[in-house]
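Participant: Please find one structure pasted underneath; my questions will follow.
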Amino acid sequence: MSNNNENNFLEKINNGNKVEPRDWMPEKYRKHLIRQIAQHAHSEVIGMQPEGNWITRAPSLRAKMVLIAKVQDEGGHGLYLYSACETLGITRDELISQLHEGKAKYSNIFNYPTLSWADIGAIGWLVDGAAIVNQQSLRRTSYGPYSRAMVRICREESFHQRQGYEIMSKMSNGIKEQQKMAQDALDRWWWPSLMMFGPHDVDSAHSSDAMKWKIKRETNDALRQLFIDRTVKQADLIGLEIPDPDLKWNKKKKHYDFGKIDWDEFWKVVNGNGFCNKERIANHVKAHEEGEWVKEAALAYAEKQKRRKK
Amino acid sequence: MNKNQLPTWEVFIQPKSGASFQHAGNLHAIDEEMALQNARDLYTRRQEGSCIWVVKSDNIVSSNPDDEESFFDPSDDKIYRYPTFFKVSKKAKGL
């Protein structure tokens, strides 16, 4: 029976059909998806913190409105993804506990601090840019609810990248100090952005099953290359320099060659020793605990309304 | 850890007046009012709709995908339900 199920399942995927919540699926497929979607959802929500850090200090009312809208979007994206994840039979409470207990991860990039306003530009341009490359590919993921969430998110996210690039562009065309800030932000965010695509394909623990099941549609390295090729030209255009002396156009491959990524740093930060790991989780726990009364009040109010109706 | 997770609601959005409602996703809320407001904030930040329905997820009844073949079988062999089944003269216009 199970063998038969598995064959039907693989056939469905190979035919390019989507898997829906009530369909039979291998337990490993379910687990892989829960881990990946949860990590994606947590990233959206934790990602609100480094940017939220600059809302009160945005340099103009326009910049502030835009940043608030962007951060609100990230919260919304987290919720779409939690919803998709819950269809796999895990509760929101369990997902949040896993985050608080350090059992679930979020994108490593959000463990870096936002030191200047230019960092908000760099995040929109590079971090959202990298996320978009990844998410555009995931629109074709085999799990229906995840795929639909990706379609919605991609539609909303293109403004995020453009607002970031606009900030970078303005600053690099500004006074010397602003140019310095823009270059400094690019210098600090470039390598962590490349790390967002995950380890090289040969070292990636989860890649092979994920490709077989079409959860992932393109490999880490292919997506990283696409991001680099796109971004180099954008940097040139606004007079910023990518901090990689080995970066050069490879005529034969028709791609940019780039320098070695410092994976020791990556693993150091993933394993909890980045600049902001503790702060990010502590803030999330605090918001959750301090917001508990809202749920309690809503529950009490709903109970009261129910009694009144009787 | 808190265990009072709020119930799940399915959200349907009508893109514009007169159009069919489409499923957009779901959310958590304690009552109808909160569900509607959350649906507005979550699924219509960019003028995606003119009207929203929310339905408690428990109240949705679904056919079973495993029974897809047998469940939809009755309509499989009724090609006469399509206009192309009927052969009419090319001269007959407006059919």
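Participant: Condition first: outside any loop (DSSP other than H, G, I, E, B), in contact (Cβ under 8 Å) with a residue 12 or more places away in the chain and under 27 Å from A:G121 (Cβ atoms). Can you find one or more residues in segment A:195-215 that meet it?
Facilitator: Yes, that holds for at least one residue.
Participant: Determine if segment A:228-244 includes at least one residue that is open to solvent by 70 Å² or more (accessible area, probe 1.4 Å), more than 14 Å from chain B (Cβ to nearest Cβ), under 30 Å from A:S169 (Cβ atoms) and of a type in the set (A, V, I, L, M).
Facilitator: Looking only at segment A:228-244, we keep the residues that are open to solvent by 70 Å² or more (accessible area, probe 1.4 Å), and these are A:230, A:233, A:236-237, A:241.
Imposing the further condition that a residue be more than 14 Å from chain B (Cβ to nearest Cβ) reduces the set to A:230, A:233, A:236-237, A:241.
Okay, now just the ones that are also under 30 Å from A:S169 (Cβ atoms), so A:230, A:233, A:236-237, A:241.
Filter once more, so that each one left must be of a type in the set (A, V, I, L, M): A:237.
Taking every residue of segment A:228-244 in turn, at least one turns out to be open to solvent by 70 Å² or more (accessible area, probe 1.4 Å), more than 14 Å from chain B (Cβ to nearest Cβ), under 30 Å from A:S169 (Cβ atoms) and of a type in the set (A, V, I, L, M).
Participant: Based on this model, can you work out whether A:D264 counts as among the acidic types (D, E) and surrounded by 12 or more Cβ atoms within 10 Å (Cβ to Cβ)? Reasoning before the result, please.
Facilitator: On the way: among the acidic types (D, E): yes; surrounded by 12 or more Cβ atoms within 10 Å (Cβ to Cβ): no.
Here the answer is no, as A:D264 does not meet what is asked.
For every residue, the table says whether it meets (1) within 14 Å of chain A (Cβ to nearest Cβ); (2) loosely packed, with under 10 Cβ neighbours inside 10 Å; (3) without any contact (Cβ under 8 Å) to a residue 24 or more places away in the chain; (4) hydroxyl-bearing (S, T, Y).
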position	(1), (2), (3), (4)
B:Q5	yes, no, yes, no
B:P15	yes, no, no, no
B:G18	no, yes, yes, no
B:I30	yes, no, no, no
B:Q47	yes, yes, yes, no
B:S50	no, no, no, yes
B:V55	no, no, no, no
B:D73	no, no, yes, no
B:T84	no, yes, yes, yes
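Participant: Okay, moving on. Given the conditions (1) open to solvent by 20 Å² or more (accessible area, probe 1.4 Å); (2) away from chain B (no Cβ under 14 Å), and given that A:N8 satisfies all but one, which numbered condition is not satisfied?
Facilitator: Status for A:N8: all satisfied but (2).
Participant: Also, I was wondering about something else. Quick one: would you say A:S147 is among the hydroxyl-bearing types (S, T, Y), crowded, with 23+ Cβ neighbours inside 10 Å and assigned to a helix (DSSP H, G or I)? So that I can check it myself, show each step before the final result.
Facilitator: On the way: among the hydroxyl-bearing types (S, T, Y): yes; crowded, with 23+ Cβ neighbours inside 10 Å: no; assigned to a helix (DSSP H, G or I): yes.
No: the conditions fail for A:S147.
Participant: Given the criterion over 29 Å from A:V45 (Cβ atoms), touching a helix residue (DSSP H, G or I) at 6+ places or on another chain (Cβ under 7 Å) and not in a loop (DSSP other than H, G, I, E, B), identify the matching residue among A:Q183, A:Q163, A:Q234, A:Q179.
Facilitator: Details: A:Q183 fails: touching a helix residue (DSSP H, G or I) at 6+ places or on another chain (Cβ under 7 Å); A:Q163 fails: over 29 Å from A:V45 (Cβ atoms); A:Q234 fails: over 29 Å from A:V45 (Cβ atoms).
Going through A:Q183, A:Q163, A:Q234, A:Q179 in turn, the sole match is A:Q179.
Participant: If I ask for residues that are outside any loop (DSSP other than H, G, I, E, B) and either at pLDDT below 90 or closer than 21 Å to A:C85 by Cα (or both), which ones from segment A:11-22 would you list?
Facilitator: Taking segment A:11-22 and keeping what is outside any loop (DSSP other than H, G, I, E, B), we get A:11-14, A:19.
A:K12, A:I13, A:V19, listed by residue number.
Listed here are the residues, each with its yes/no results for (1) surrounded by fewer than 19 Cβ atoms within 10 Å (Cβ to Cβ); (2) on the phi > 0 side of the Ramachandran plot.
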residue: A:S172; (1), (2): no, no
residue: A:Q179; (1), (2): yes, no
residue: A:W189; (1), (2): no, no
residue: A:G198; (1), (2): no, yes
residue: A:D203; (1), (2): yes, no
residue: A:D209; (1), (2): yes, no
residue: A:K212; (1), (2): yes, no
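Participant: Which of the numbered conditions does A:R230 fail, given that it passes all the others? Conditions: (1) without any contact (Cβ under 8 Å) to a residue 12 or more places away in the chain; (2) under 28 Å from A:S142 (Cα atoms); (3) of a type outside the set (S, T, Y).
Facilitator: (1)
Participant: So A:I261 ticks every box in (1) assigned to a helix (DSSP H, G or I); (2) in contact with a Phe, Trp or Tyr (Cβ under 7 Å, 6 or more places away or on another chain) but one. Which box is left unticked?
Facilitator: Checking A:I261 against (1) assigned to a helix (DSSP H, G or I); (2) in contact with a Phe, Trp or Tyr (Cβ under 7 Å, 6 or more places away or on another chain), the one that fails is (1).
Participant: Given (1) surrounded by 14 or more Cβ atoms within 10 Å (Cβ to Cβ); (2) modelled with pLDDT under 90; (3) among the aliphatic types (A, V, I, L, M), where does B:M1 come up short, assuming only one miss?
Facilitator: So the condition that B:M1 fails would be (1).
Participant: Among the residues of segment A:23-79, count how many are within 14 Å of chain B (Cβ to nearest Cβ), open to solvent by 60 Å² or more (accessible area, probe 1.4 Å) and either assigned to a helix (DSSP H, G or I) or touching a strand residue (DSSP E or B) at 6+ places or on another chain (Cβ under 6 Å) (or both).
Facilitator: Qualifying residue count, segment A:23-79: 4.
Participant: I'm trying to understand the selection: among the residues of segment A:282-295, which are under 19 Å from B:L6 (Cβ atoms), open to solvent by less than 100 Å² (accessible area, probe 1.4 Å), within 11 Å of chain B (Cβ to nearest Cβ) and in a helix (DSSP H, G or I)?
Facilitator: Step one: filter segment A:282-295 for residues under 19 Å from B:L6 (Cβ atoms), giving A:284, A:287-295.
Within this subset, residues satisfying the condition of being open to solvent by less than 100 Å² (accessible area, probe 1.4 Å) are A:284, A:287-288, A:291-292, A:294-295.
Among the residues that remain, those that are also within 11 Å of chain B (Cβ to nearest Cβ) are: A:288, A:291-292, A:294-295.
Residues satisfying the conditions are A:H288, A:E292, A:V294, A:K295.
Participant: Is it the case, given these coordinates, that A:L138 is within 14 Å of chain B (Cβ to nearest Cβ), open to solvent by less than 50 Å² (accessible area, probe 1.4 Å) and touching a Lys or Arg at 6+ places or on another chain (Cβ under 9 Å)? Walk me through how you get there before you give the answer.
Facilitator: Values: within 14 Å of chain B (Cβ to nearest Cβ): no; open to solvent by less than 50 Å² (accessible area, probe 1.4 Å): yes; touching a Lys or Arg at 6+ places or on another chain (Cβ under 9 Å): yes.
No.
Participant: Among the residues in segment A:269-281, are any modelled with pLDDT of 90 or more, surrounded by 15 or more Cβ atoms within 10 Å (Cβ to Cβ) and charged (D, E, K, R)?
Facilitator: There is at least one residue in segment A:269-281 that is modelled with pLDDT of 90 or more, surrounded by 15 or more Cβ atoms within 10 Å (Cβ to Cβ) and charged (D, E, K, R).
Participant: Continuing with the same structure: State which residue is least open to solvent (accessible area, probe 1.4 Å) when the search covers only segment B:32-45 and only residues that are farther than 19 Å from A:E156 by Cα and within 10 Å of another protein chain (Cβ to nearest Cβ).
Facilitator: Taking segment B:32-45 and keeping what is farther than 19 Å from A:E156 by Cα, we get B:32-37.
Filter once more, keeping what is within 10 Å of another protein chain (Cβ to nearest Cβ): B:32-34.
Working: B:E32: 106, B:E33: 106, B:M34: 50 Å².
Only one residue fits best here, namely B:M34.
Participant: Residue check: is B:I60 within 17 Å of A:A149 (Cα to Cα) and either touching a Gly at 6+ places or on another chain (Cβ under 6 Å) or surrounded by fewer than 13 Cβ atoms within 10 Å (Cβ to Cβ) (or both)?
Facilitator: Working: within 17 Å of A:A149 (Cα to Cα): no; either touching a Gly at 6+ places or on another chain (Cβ under 6 Å) or surrounded by fewer than 13 Cβ atoms within 10 Å (Cβ to Cβ) (or both): yes.
Criteria not met by B:I60.
Participant: Cβ-Cβ distance below 9 Å, separation of 6 or more or different chains: which pairs start in segment A:86-103 with a residue that is more than 9 Å from chain B (Cβ to nearest Cβ) and over 22 Å from A:K286 (Cβ atoms) and end on one that is of a type in the set (S, T, N, Q) and open to solvent by 10 Å² or more (accessible area, probe 1.4 Å)?
Facilitator: Note: pairs meeting the criteria are A:I90/A:Q98.
The values are calculated or read from the model by the stated rules, or taken from the named source; none is laboratory data. Just so it is clear, the model here is predicted, and its values are computed rather than measured. Neighbour counts run over all protein chains shown; Cβ positions are idealised from the backbone, glycine included. Ligands, DNA and RNA are stripped out before the accessible areas are found, and what is left, the full protein with its side chains, is counted by its heavy atoms. Shrake-Rupley method; radii C 1.70, N 1.55, O 1.52, S 1.80 Å.
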